[in-house]
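Chemist: One structure, pasted below without further comment.
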Amino acid sequence: MRSALKYWANQKLMTRSIIKIKTTLLDHQIAQMSAIAIGLSLIESVLPSPMPGVKPGIANIITLYAVYRFSFKTAMWVSVLRVFATSLILGQFLSPAFMLSLSGSVLSLLTLYFAIKLPSKFFSPVGLSVLSSFAHIAGQLILVRIWLIPHASIYYLIPIYGTAALLFGFINGWITYRLLQHHNSI
Amino acid sequence: MAILRKKITLKLPTKFFIGDSLIVLISLIFIVFAFKAFWHFETGSVVQVNFQGKTYGNFSLFQDKKISLMGKEGESIIEIKDGRARFKSAPCKNQYCVQQGWIHFTGQMLICIPNEVSIEILGKSKAYDSLNY
């Protein structure tokens with residue numbers, strides 16, 4: 001019995017194998033895009049904001065870029081990973097800020113899922129970006145309304161957030177459009 | 001790689017931005033509508049004066065009137081004129097209530113905590129504010 005165990009241990013030591021995870025092309029795409037998105041998110045978190053919630057959302061450029069360059073699946077992974085990783089780095093995991101970010105991202109992804117079915121002859125990243133940024137702020141406001149501040153007074157903020165969504169959505173969309181044009185990928 | 005490339009169905013439009021213009025236009029209309037719907041400030045018609053935790057009385061804004069209240073700190077004078085109301089003078093140290101000046105929109109409020117006096121503009125409908133939540 002003892003010798004058998006020894007033999008087994010020896011065997012185990014001898015044939016110690018290196019665990020190798022097989023990565024697919026999709027994994028590489030997701031990893032690359034997520035890394036850039038997390039970086040942009042972190043840069044953005046340092047920037048001062050005139051009021052809570054009004055942020056440029058430059059990481060969404062990467063989400064949109066991934067939709068056009070790769071696939072919706074990649075974009076979905078990038079967006080969700082970005083939310084989780086950024087909140088872990090900034091120490092806001094499971095805090096209200098994280099929940100708001102997640103709800104915004106989920107609704108914005110849902111909108112993108114339907115928006116990419118629009119005829120691409122007439123709709124460029126600019127329009128899609130505006131749509132998704134509106135969805136993003138809508139997701140956040142819905143969560144604020146039902147969970148954080150269950151009071152009708154937050155409707156006062158809709159015009160301000162709407163203006164910010166249009167402005168930043170447009171700028172982000174334009175940047176994405178220029179990036180895609182520059183890379184001449186499609 | 002080839003398989004992935006094939007999946008791409010989205011193309012960049014070269015010159016047509018019709019859809020985008022439509023989206024931007026609709027969002028602009030939505031924003032204007034939102035500003036009108038949520039940021040309409042109604043001019044009030046009645047001022048409610050609260051004194052020492054109780055309603056002292058409701059007074060029409062369309063009159064010239066001075067209300068004098070003797071509180072713990074001293075005399076607070078509320079002035080009503082031209083459809084507006086203000087604290088004309090207050091006995092408190094900071095004078096916050098006096099310095100806020102005239103109020104005339106529904107839901108606006110002036111509060112003097114040391115002397116336990118507050119005034120609020122009332123209208124046809126009660127406006128949203130964070131105080132009465």
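Chemist: Cα-based count: Lys pairs in chain A below 29 Å, eight or more positions apart or different chains?
Modeler: Step by step, the pairs that qualify in chain A add up to 9.
Chemist: Can I ask one more? Going 7 Å from the Cα of A:Thr163 along its beta-carbon direction, which residues of segment A:23-57 have the amide nitrogen within less than 18 Å of the resulting point?
Modeler: Once the point is set 7 Å along Cα→Cβ of A:Thr163, A:49-57 turn out to lie under 18 Å by backbone N, inside segment A:23-57.
Chemist: Additional query: So what does log10 I(q)/I(0) come out to for segment B:46-122 at q = 0.12, 0.22, 0.27 Å⁻¹, using the Debye formula with one equal point on every Cα and no solvent?
Modeler: -0.26, -0.92, -1.41
Chemist: Here's a follow-up. Compute the relative contact order of segment A:19-183 as a whole-number percentage, counting only Cα pairs closer than 8 Å that sit 6 or more residues apart in sequence. Write out the running numbers ahead of the final one.
Modeler: Values: 172 pairs, mean separation 39.5, N = 165.
About 24 percent, as a whole number.
Chemist: Starting with the highest mean, order B:23-30, A:90-97 by the number of other Cβ atoms within 10 Å, averaged over the residues of each peptide. Spell out each step's value before the answer.
Modeler: Details: B:23-30: 15.9, A:90-97: 12.6.
Ranking the peptides B:23-30, A:90-97 by packing returns B:23-30, A:90-97.
Chemist: Round to the nearest 10 and give me the degree value, 0 to 90, for the angle of helix A:125-143's Cα axis relative to the longest principal axis of chain A.
Modeler: Orientation of helix A:125-143: about 90 degrees from the principal axis.
Chemist: Name the chymotrypsin sites (Phe, Trp or Tyr not before Pro) in segment B:57-96 that are in a loop by DSSP and that have at most 15 other C-beta atoms within 10 Å, would you? Don't skip to the answer; put the middle values down first.
Modeler: On the way: sites: B:Phe59, B:Phe62, B:Phe87, B:Tyr96; in loops: B:Phe62.
Answer by residue number: B:Phe62.
Chemist: In nm, give the distance between the simple-model label positions of B:Gln99 and A:Ser17, each being 7 Å from the Cα along the Cα-to-Cβ direction.
Modeler: Calculated label separation equals 7.6 nm.
Chemist: How far, in degrees from 0 to 90, does helix A:2-14 lean away from the longest principal axis of the Cα atoms of chain A, to the nearest 10?
Modeler: That helix lies at roughly 50 degrees to the long axis.
Chemist: When only DSSP loop residues count, what trypsin sites (Lys or Arg not before Pro) in segment A:41-134 have their Cβ near at most 14 other Cβ atoms within 10 Å? Provide the component values of the computation, followed by the final result.
Modeler: Values: sites: A:Arg69, A:Lys73, A:Arg82, A:Lys117, A:Lys121; in loops: A:Lys117, A:Lys121.
When the trypsin sites (Lys or Arg not before Pro) of segment A:41-134 are filtered for loop state and at most 14 Cβ neighbours within 10 Å, A:Lys117, A:Lys121 remain.
Chemist: Order these by the 10 Å Cβ neighbour count, fewest first: A:Thr86, A:Thr63. Before the final figure, lay out each step's value.
Modeler: Details: A:Thr86 23, A:Thr63 28.
Final ranking by Cβ density, sparse to dense: A:Thr86, A:Thr63.
Chemist: Moving on. Helix A:158-183 versus the longest principal axis of chain A: what is the Cα-based angle in degrees, 0 to 90, to the nearest 10?
Modeler: Result, in degrees: 60.
Chemist: When the helices in the protein assembly as shown are scored as -39500 (n - 2.57) per DSSP H run of 4 or longer and the sum is shared across all residues, what 222 nm value do you end up with, to the nearest 500 deg cm²/dmol? Display every interim value, and only then the final one.
Modeler: On the way: 10 runs with 161 residues, N = 319.
Here the helix-only value at 222 nm equals -17000 deg cm²/dmol.
Chemist: Within 10 Å of each candidate Cβ there may be at most 11 other Cβ atoms; applying that plus a DSSP loop requirement, which trypsin sites (Lys or Arg not before Pro) in segment B:35-81 survive? Provide the component values of the computation, followed by the final result.
Modeler: On the way: sites: B:Lys36, B:Lys54, B:Lys65, B:Lys66, B:Lys72, B:Lys81; in loops: B:Lys72.
Here the trypsin sites (Lys or Arg not before Pro) that fit, given the DSSP loop and packing criteria, are B:Lys72.
Bear in mind that the values in this text are calculations on the coordinates, not laboratory data. The structure displayed is predicted, hence computed values, not measured ones. All Cβ positions, even for glycine, are placed from backbone atoms using ideal geometry, and neighbour counts span all protein chains on display.
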